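Here the structure is laid out as structure tokens; the discussion comes afterwards.
The values are calculated or read from the model by the stated rules, or taken from the named source; none is laboratory data. All of these numbers come straight from a predicted model, not from anything done at the bench. Glycine gets a Cβ as well: all are built from the backbone with ideal geometry, and neighbour counts include every protein chain shown. The area values use the complete protein model at the heavy-atom level, side chains included, leaving out ligands, DNA and RNA. Shrake-Rupley method; radii C 1.70, N 1.55, O 1.52, S 1.80 Å.
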Amino acid sequence: MRVAIAIVALVLGSIVFHLLSPWWQTPLASNWDSIDSALHITLLICAIAFVSLNLFLALAIVRFRHRPGSRAHYAPESPRLEKTLTFWTGLGIVGMLAPGLVAWGKYVDVPKDAAVVEAIGQQWQWTFRYPGPDGVLGTAGVQYMTPDNPFGVNPLDPFGRDDILVQGNELHLPKGKSVKLVLRSKDVLHDFYVPEFRAKMDLVPGLVTYFWMTPTTIGTFDILCAELCGVGHHEMRGKVVVEPRESFEAWLGQQESFNQLLAMSSPDAVTEMFRKANSCSTPATWGVR
Amino acid sequence: MSLISRLAEKSWETPGIDRYREPDSYRPAAATVGVYVYFGVATVIFTLLAAAYLVRMGVPGAVDHGTGDDWRPMPEPPLLWINTAILLLSSLAWEAATRASRRDDVPRMRTMVLAGNALGLLFLVGQVLLWWHYQTAGYYLSANPANAFFYLLTAIHGLHLAGGIFAGGRTLGQMAIRADGQRICRNVRLCTIYWHYLLAVWLLLAALLVAT
Amino acid sequence: MATTIADDLRPMHHPKTWVGKYVWSQDHKVIAIQYGVTAIAIGLVALVLSVLMRLQLGFPGLFPWIQPENYLQYVSMHGMIMVVYLLTALLLGGFGNYMIPLMIGARDMVFPFVNMLSYWIYLLSVLVLVSGFFVPGGPTGAGWTLYPPQAISEGTPGNQWGIVTMLGSLAIFIIAFTMGGLNYVTTVLQARTRGMTLMRMPLTVWGIFIASIMGLLAFPALFVAAIMMLLDHLLGSSFFMPAMMTMGQESSTQGGSPLLFQHLFWFFGHPEVYIVALPAFGIVSDLISVHARKNIFGYRMMVWAIVVIGGLSFLVWAHHMYVSGMNPYFGFFFATSTLIIAIPTAIKVYNWLLTLWRGDIHLRVPMLFAIAFLFTFIHGGLTGLFLGNVSVDVPLSDTFFVVGHFHMVMGVSPILVIFGAIYHWYPKITGRMWNETLGQIHFWVTFLGVYAVYLPMHYLGILGVPRRYYALGETSFIPESAHLANEAISVAAIVVFAAQFLFFYNMIWSYFRGPKADPNPWGAASLEWQTPETPPGHGNWGPRLPTVYRWAYDYSVPHAARDFIAQNEPPSADAPSEEVLP
């Protein structure tokens, strides 16, 4: 009997907790309201299930608790009831899955006119690269990296010359422009996560991954790494500054390009970069014939 | 009763035992079932390794990209084919042993079991020789994923065969102490199907290694 | 053809020495206790690790000896121990070993020597795992998921030796598990006594049986992944290791795929959670039906649901990888298969509830734990739908929402079932009865306490608080109150931890001083309660095996003299009686 009261209390308490909880989604700052809708629909359907099933549980305990002389009913199965329950459950599942898949359909479909920005993760900081006036990111990779070329931009690729290189963990984006964030890792798995944007994706060394979104709110947001990457995982933070187009362009104009980096590097450093770019990227111990 | 009809039985409606014979009269031996269940396990192991092999090799298509540029197929020395032949012969020996056991031809069964075990052992020696051959030719495990997969696949297959030789050796021991004849015949039969299974796995592995 | 142990022509060998009876024993009941004690012991280690984790999260800075390195090591070891070395070992090696032969009317498992070996190899795997605490660098801090390249790269604790002990221990465990699994599966198929058809078996057996089959097919994936990672680490191969910078240098590896590891790991990892859940589902069905004096509602559907869940669980693994960078189109398939698997699971929940409906519910401690299971599993199962729904998962993955979800369905619900099961079968296993008051207090503190621990976590996750973070630090979006939440969770966790001492005290004290128990105190119908001796003697059944005449759920059968009919009671014994119950 007490347990039935406890069940009802926990159900009511959970509802109250939900309504009063100061911990809920951050205000949405991107176009991904479809994700939020799918979440809210899922929550609604699950909440109905949670409340009704548990109240039924409590009711059963109260009505059918043992009293002297009580005897259980004998009913091995009821195929009709089971079919009905299966049907309605299936309907609930479809009700949750449909909006979820619709949102996912949008997630995998990057707009053709999205700007491209690259986020590079390493233990334990973020750097960023913009494609510059030519609109194309130059090839890059671990095999081109030198101490003077920390981004690993390929010096032989003409598209890379005007790429804009941003260190210091701060990414700027213009409000209202959809952007495809391409993600590259220099070492281990990481994940680029900004709660207000909802969208995220892992960074995988050896691959280029991506996701897209459109920032809709001016502000500064935290970047959190969301894939355990070692002892500095919790400190791998950055900032995204969403600002009006004009101030974004102004800021971008002040950043260093790869051309400028080359110009400012010593001749030896530049030679080393070209040497690496020209060599076969065969590691020293690769002893196959 | 088929499995489906058995699982559809409404067991509360039919108490009693009149429909049920003594289980021993129709159930196969536990050891037989155990071996077949283990085939499921081994099949999963080899299938996953083969899948990983294909992914790492860079099967084009929907699979994750970024792999496979460094794949270099290994050469096929004659020893590879000699070993395959030895394994085939050892399977045939076990098959002969099983047929001999069915005819109650105990001396022939004993000879064939001995031959099957010995040829299996010879295969393992041959595999080690093959490894040594590749190592001295410079095909180190760490050098290249094709190499690494070769060593891994042959190692896992070899370990399975070693287990089979252990079981085969036990069967020889049972024959020496003249244990129950039915049990020996069953063990000979189980060793035989186990050998055939490993032969089939080996042929598939060899085909995979050679084709890529 | 002599097949089952029971009718083996060799007489059953009864060990004479203490060592033969309790150490190198081939008796499934002794092996079960060995598994259980070892699993619970290592589980307590993991529980302490979780308290340490909560101390850091609830009171950051108060315990300066907890640094990010050891925090991550606690996280990783806690997770791996709980999932594999406690839950899998206890539910299959412990309950599986004890219950299967008794519930199907066998004398022992069909391969008793291999069964014994499986325990000692399991023990070896535990020792190798624990050795990770004593190797240079300590145990791995890569999370229980052990993702490469970080697991074997600079920056992650234990990337030199700890990962080796972990992977080695897992490989050894898998060998032990395979030996055990072969036993459980073959025994259920081959050693059922006369009249014990598959559909007369209790659901406990079905749950453990299907889980064992799944384990035999899923653990090889982890085995293969572990061997490949060991080769990458020790011999420099590049199965998983891509081109990367490590310590400022380009690595010597190239072309390996970290995603390949994830696919292999989760191909094991998802069935693994059902390997833990299905035995719990089976056991709780029996707890509910016995203590509600009512057959489990929809037995056939329950069996089919177990089988279907087992099969489908092999088709959903990449829902752990929605944001991994795998081909995004896979998300459509895996979200669909994941939400489909919710349907047979929901049917099981309905059937448990419908068993209680119109039952005769005795609110004894085992039933209380079963009810608590229902409440918490409903919650945990529902939050799984959020995570399975691919786009909804995107903001929630790697946050505390995931932590809340998997603890509810793995760490709360099955543990509640395990407690219920121990209380339920204690009188059969020990011949004694435990203390009711201590049991009640243990129940209430545990049930209310774990809900207080895990409910708030979901909200922190929806807020966006990531998991595996040593400290939250400064953020622009996490309110101060979140730190309060963490404190409250930690306090609740410590209280729940303390309450478990009541349980251990009760179990141990009652073993020596508890009142002698009736051989079938709950009036259960299934075969394990009908043994001639309590606790069951070696060989379980005396000189003759039982014959089974009916299914395991003849409770409150109309016109029967008592409110249960044992499985081995012949039909003539329940002829309609003139006596009508008051």
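Cα centroid distance between segment B:86-116 and segment C:355-386, in Å? Here the two parts' Cα centres lie 58 Å apart.
Averaging Cα coordinates gives a centre for segment B:3-27 and one for segment C:100-148; these two points are 36 Å apart. Rounded to 0.05, the FRET efficiency of the A:LEU55 and C:VAL51 pair, given R0 = 41 Å and the Cβ-Cβ distance, is 0.75. Cα convex hull, segment A:92-165: 131 Å³ per residue, rounded to a whole number. Normalised by residue number, the volume inside the convex hull of the Cα atoms of chain C is 165 Å³ per residue. Label-to-label distance, C:VAL491 versus C:GLN440, with points set 7 angstrom from Cα along the beta-carbon direction: 2.6 nm. For A:ILE5 and A:ARG63, the difference between the fully extended length at 0.36 nm per residue and the C-alpha to C-alpha distance is 19.6 nm.
Against the longest alpha carbon principal axis of chain C, how many degrees, from 0 to 90 and to the nearest 10, is the axis of helix C:28-58 turned? Tilt relative to chain C: about 40 degrees.
Among C:96-107, B:174-185, B:135-146, sorting by the average number of other beta carbon atoms lying within 10 angstrom of each residue, highest first, gives C:96-107, B:135-146, B:174-185. Based on Cα contacts under 8 Å between residues 6+ apart, segment A:115-279 shows a relative contact order of 27 percent. Leaving out ligands and nucleic acids, and using a 1.4 Å probe, what accessible area per residue does chain B come to in Å²? Heavy-atom SASA per residue in chain B reads 47 Å². Rounded to the nearest 10 degrees, the inclination of helix A:33-63 to the longest alpha-carbon principal axis of chain A is 30 degrees.
Taking only the alpha carbons of segment B:109-184, we obtain Rg and Dmax values of 16.7, 52 Å in that order. Given a 1.4 Å probe, show me the residues in segment C:388-405 buried by at least 30 Å² of accessible surface when comparing the whole protein assembly to the chain alone. In segment C:388-405, residues shielded by partner chains: C:ASN389, C:VAL390, C:SER391, C:VAL392, C:VAL394, C:PRO395, C:ASP398. On association of chains A and B, roughly 900 Å² of accessible area becomes buried (total for both chains; probe 1.4 Å). Extending 7 Å from Cα along the Cβ direction at A:SER37 and again at B:ILE82 yields two label points whose distance is 7.1 nm. Extents of segment C:411-502, taken as max minus min of Cα coordinates on every principal axis and listed largest first, are 59, 20, 18 Å. With Rh defined as the Kirkwood radius, the inverse of the mean 1/r over Cα pairs, the Rg/Rh of segment C:242-358 is 1.21.
Per the Debye calculation on segment C:380-443 with a single equal scatterer at every Cα and no solvent contribution, log₁₀ I(q)/I(0) for q = 0.18 Å⁻¹ amounts to -0.70. Other protein chain C-beta atoms within 10 Å of residue C-beta, averaged over B:140-152: 6.
Pairs of Lys residues in chain C, spaced 8 or more positions apart or belonging to different chains, with C-alpha separations under 24 angstrom: 10 in total. The residues of segment C:363-521 present an accessible area of 30 Å² per residue when probed at 1.4 Å with all protein chains retained. When only alpha carbons of segment C:363-521 are considered, Rg and Dmax amount to 18.7, 62 Å.
Ligands, DNA and RNA left out, the 1.4 Å accessible surface of chain A is 63% carbon and sulfur atoms.
What list of whole percents do you get for P(r) of chain A, with Cα-Cα distances grouped in 10 Å bins up to the one holding the largest distance? Spelled out bin by bin, chain A gives 5, 20, 24, 17, 12, 10, 7, 3, 1, 0 percent. The rule of thumb for compact globular proteins, 2.2 N^0.38 Å, goes into the C-alpha radius of gyration of the protein assembly as shown 0.99 times.
Counting, for every residue in A:86-96, the Cβ atoms of other protein chains within 10 Å of its Cβ and taking the mean gives 4.
Hey, what angle do you get for helix C:413-430 against the long axis of chain C, alpha-carbon based, 0 to 90 degrees rounded to 10? That helix lies at roughly 40 degrees to the long axis. Once Rg and the Kirkwood radius are both taken over the C-alpha atoms of segment A:73-202, their ratio Rg/Rh works out to 1.28.
Interface C-B: total buried accessible area of about 4600 Å², 1.4 Å probe, protein heavy atoms only. Relative contact order of segment B:8-211, taken over Cα pairs closer than 8 Å and 6 or more residues apart, is 25 percent.
Each of B:ALA8 and A:LEU81 was given a label point 7 Å from its Cα along the Cα-to-Cβ line. The distance between the two points is 2.3 nm. Amide H contacts of A:LEU171 (H built 1.01 Å from N, in plane; Pro and chain starts excluded): A:LYS239, A:VAL240, A:VAL241 sit under 5 Å, all sequence-distant by 5 or more or on other chains. Distance between Cα centroids, segment C:271-286 to segment C:468-504: provide it in whole Å. Their Cα centres are 28 Å away from one another. A Förster radius of 35 Å combined with the Cβ-Cβ distance from B:THR212 to A:ARG275 puts the calculated FRET efficiency at roughly 0.55. When the Cα gyration tensor is reduced to axis lengths a ≥ b ≥ c, the ratio a/c is 1.5 or higher for segment C:41-83, and with a/b above b/c it is classed as prolate.
Accessible surface of chain B, 1.4 Å probe: 67 percent of it comes from carbon and sulfur atoms. Per residue, chain A exposes an accessible area of 43 Å² to a 1.4 Å probe, with every protein chain left in place.
Partner shielding of C:453-462 amounts to 3, given as the average count of beta-carbon atoms from other chains within 10 Å of each residue beta-carbon. Of all the Cα-Cα pairs you can form in segment C:223-267, what percent are over 16 Å apart? Everything past 16 Å amounts to 35 percent. When you restrict to C-alpha pairs under 8 Å that are six or more residues apart and normalise by the size of segment C:363-521, the relative contact order lands at 33 percent.
Taking the Cα atoms of segment B:8-211, the ratio Rg/Rh between the radius of gyration and the Kirkwood radius comes to 1.11. Over all Cα atoms in segment A:115-279, the spread is summed up by Rg and Dmax: 15.5, 46 Å. Pairing chains C and A buries close to 9500 square angstrom of accessible surface in total, based on protein heavy atoms and a 1.4 angstrom probe. The helix-only estimate of mean residue ellipticity at 222 nm for chain C, built from DSSP H runs of length n ≥ 4 each weighted as -39500 (n - 2.57), is -19500 deg cm²/dmol after division by the residue total.
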